[in-house]
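Beneath this line is the structure, given in structure tokens, with notes to follow.
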Amino acid sequence: MSDKLNWVRAADTDDLPEGRVRPVTCGHRTLCLTRHEGKTSALDNRCPHHGGPLGEGSIEGGWLRCPWHGWDFHPQTGDSPGGHDDGVRSFPVEEREDGVYVGLPAEAEHPRTTTDVVAETLVNWGVKWIFGMVGHSNLGLADALRRRVADGELGYVAIRHEGAAAFAVSAYGKLTGRPAACLAIAGPGATNLLTGMWDAHVDHAPAIALTGQVQSQWFGRAAFQEIDLRAAFGGVARWSAVMLAGVDHGELTTLACKHAILQEGPVQLVFPDEVQTQPSDAAAGRPDGRIVSREFAPSQPALTAAIDALSTARRPVIIVGHGARFDMAGIVALAERLGCPVVTTPCPCTR
């Protein structure tokens, strides 16, 4: 046993029958666990061809077969049949009394990335919750958000359908007046957000859509799940940006938060796959000096006129609009003092 290895319990001793495979999560890695010729082995779960999940494959004719395109690997060593350099990495395994352990190398210190800048900026702007689904094209962004969740700065709610995330964010914006964010992958994952984003749009609820995207090299080439997401969200997002390499990711995230709050509606940030994990030493964006106070009071003459009108009114009625929804305690106190009823406008979309 090497002192440089971190031994992680991966499964029970009898979890894997002979000739079977399964994916297991060990630390921050997903591995392919195999049982072949009485020996349990651990391989990298990602096929070097197109990233297929080897843990969902099968052992055929003594070879571990990728479920996506049929590439074969030795189930114990990860070598390819021809002995080429396109095999998969194997990890040491120990079968102990209390389970199967995999020896993983010590993790290197995490380099700060572009999406770390984005996640830190969201926290600085007071975003508290992320509702979403993690998938192949938003992994880098999801990992950056995970670090903020681990530090207690964000809350994350996993959902079963992206539409639920969008409606949750819309409802949160209506109830609090503050934006939350929904997370989705490229293609259909992103377009599944649209109905909930339209709900936020018509009801003037701040909301932030964070969508994965294919690598920028595939833009405009009809690649798998490649959709022009800015165009798809064009009618619903009050502001949008594609987070390309070289842009100021903290500034664009700041603009997204600012537009969501001031324009009271959904905004969108699109993250090409390869940009999400690129190193960055940029500063996170902050709201300091970027947004004015949204609290205001009537002029003294107008206030005096209102007091005079109320003092002489025989049957006063308070009509509460959407903008007063967070000041109901004061409104109730005034209504009780005047002994008058309170009615509300039907919905914010009448503005």
- Test: Val118 is within 30 Å of Asp248 (Cα to Cα) and either in the same structural domain as His28 (by TED's automatic domain parsing) or surrounded by 15 or more Cβ atoms within 10 Å (Cβ to Cβ) (or both): yes
- Can you work out which of the residues in region 48-78 that are of a type in the set (S, T, N, Q) and in a loop (DSSP other than H, G, I, E, B) is surrounded by the fewest Cβ atoms within 10 Å (Cβ to Cβ)? Thr77
- Query: For region 284-316, which residues satisfy the criterion of being within 45 Å of the chain's Cα centre (by Cα) and not charged (D, E, K, R)?
  - Reply: Ala284, Gly285, Pro287, Gly289, Ile291, Val292, Ser293, Phe296, Ala297, Pro298, Ser299
- Given the structure, is Ser240 assigned by TED's automatic domain parsing to the domain that holds Leu194, modelled with pLDDT of 90 or more and hydroxyl-bearing (Ser, Thr, Tyr)? yes
- Message: Can you go through Val88, Val102 and tell me which one is touching a helix residue (DSSP H, G or I) at 6+ places or on another chain (Cβ under 9 Å), surrounded by 13 or more Cβ atoms within 10 Å (Cβ to Cβ) and not small (Gly, Ala, Ser)?
- Response: Val88
- Taking only region 214-242 into account, find how many residues are farther than 24 Å from Thr277 by Cβ and basic (Lys, Arg). 1
- Task: Pick out, from region 156-245, the strands (runs of 3 or more DSSP E) lying fully within it that include 3 or more residues that are buried (at least 24 other Cβ atoms within 10 Å of the Cβ).
- Result: 181-184, 207-213
- Taking region 121-137 as the region of interest, how many residues are of a type in the set (Ser, Thr, Tyr) and either over 22 Å from Ala283 (Cα atoms) or in contact with a Leu (Cβ under 7 Å, 6 or more places away or on another chain) (or both)? 1
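The values are calculated or read from the model by the stated rules, or taken from the named source; none is laboratory data. Fair warning: this is a prediction, and the values are worked out from it, not measured in the lab. Here the Cβ is made from the backbone with ideal geometry for all residues, glycine too, and neighbour counts use every protein chain on show.
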